[in-house]
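Below is one structure, written out as structure tokens, with a few remarks after it.
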Amino acid sequence: MRFAKPRLSQRWRQRTVAAFAVGVLLPLIAGLTGGAVASAQPGIERHNVYSAAMDRNIPVDIVRSSGGGNGALFLLDGLRAREDRSGWTIETNAVEMFRDSNVNLVMPVGGRASFYADWYGPSSTNAQGYTYKWETFLAQELPNYLGTIGIRTTNNAVAGLSMAGSAALKLAADHGNRFTYAASFSGYLNLSAPGMPSLIRLALLDEGGYNVDDMWGPPWDPAWAAHDPTVFAPKLAGKTLFISAGSGIPGQHTQIREPIDYFHTANAMGLEVVSLLNTRAFQGRADALGLNATYSYPPVGVHAWGYWQDELANAKPGILRALGA
């Protein structure tokens, strides 16, 4: 079983590489602090933001608010996050959806198989050359950079799909008022439940040979509970949440064009059912705590981009209210 979004679209399978222009003087200006470069996509700025924790520049795509608002919505990718562009800009209409909403979209590029976490060390099974420190980047380094370009560093929103659903909630739970709104679309929100560590181990090995032991250690390691939204739910008090998961039944965004699509669809159905069970478990805990959460359980929907786009649209009014936009 793959713990990631299936490649249902032709565009995704072809893995087209986005080109962008880099000026001759840019490296001298940006240096280790990062900087903006032109993007191949109209209206999207490509920023290279230096991460001291990972000792590398992280590409971040930013769409500026139309009316000069300084609030930001961070959009995080799934397990198969690409190194050239955010899936949100390839597979959804997120940019157009928020084009006139006076909100800055902030879309980090990368994070493949990372759960956007701070790992113990580099993955030992695929010769990874550095240690993932995505939580540090998203909660500290990136907000600090955004403050230098007119985007506020606190009271922002973060949304993630699949593996990034739990990451979005952890960012909101553990980092004060950096993120006062968090959304999970088809997330895995009970990570330390029986069987989940084994599923995640298989998923990380399948997606690039990453070793889960280098991320959170064995299943009895406290890091699993520390990253499990059902466990850390009390820390989400005072936050505004949007939580969704589909039924696992294919709907309007699922199309069968060739034989392999039957496999991808079956995979997407199974992944969404696991997400649904995780999400229901989280809701039981959250409701008992009286958390401020809105839940969406559409009657159809599998683990695929079209359904996540729909849920982002459902979440949009609450995001705008939370950001004062």
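The values are calculated or read from the model by the stated rules, or taken from the named source; none is laboratory data. Everything quoted here is computed from the prediction, not taken from an experiment. Cβ placement follows ideal geometry from the backbone for every residue including glycine, while neighbour counts extend to all protein chains displayed. These area figures cover heavy atoms from the full protein model, side chains too; ligands, DNA and RNA do not enter into them. Shrake-Rupley method; radii C 1.70, N 1.55, O 1.52, S 1.80 Å.
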Length gained when the stretch Arg152-Asp100 is fully extended (0.36 nm per residue, less Cα-Cα span):
16.9 nm
How much of Thr148 can a 1.4 Å solvent probe reach, expressed as accessible area in Å² and rounded to 10?
100 Å²
Which whole-number value in Å² is the accessible area per residue of the range 143-224, probe 1.4 Å?
29 Å²
For Phe179, what residues show an amide H to amide H distance below 5 Å, using hydrogens built from the backbone and excluding near sequence neighbours?
Asn155, Asn156
Assign unit charges at the C-beta atoms only (+1 for Lys and Arg, -1 for Asp and Glu), then state the dipole size of the chain relative to its Cα centre in Debye, rounded to the nearest 20.
380 debye
How much accessible area per residue does the range 59-120 have, in Å², with a 1.4 Å probe?
25 Å²
When the accessible area of the range 185-325 is computed with all protein chains present and a 1.4 Å probe, what percentage of it is carbon and sulfur?
60 percent
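Based solely on its DSSP helices, what 222 nm [θ] is calculated for the chain when runs of n ≥ 4 H residues each add -39,500 (n - 2.57) and the sum is averaged over all residues, nearest 500 deg cm²/dmol?
-9500 deg cm²/dmol
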At 0.36 nm per residue, minus the direct Cα-Cα distance, what do Arg257 and Asn314 gain on full extension? Give it in nm, one decimal, please.
17.7 nm
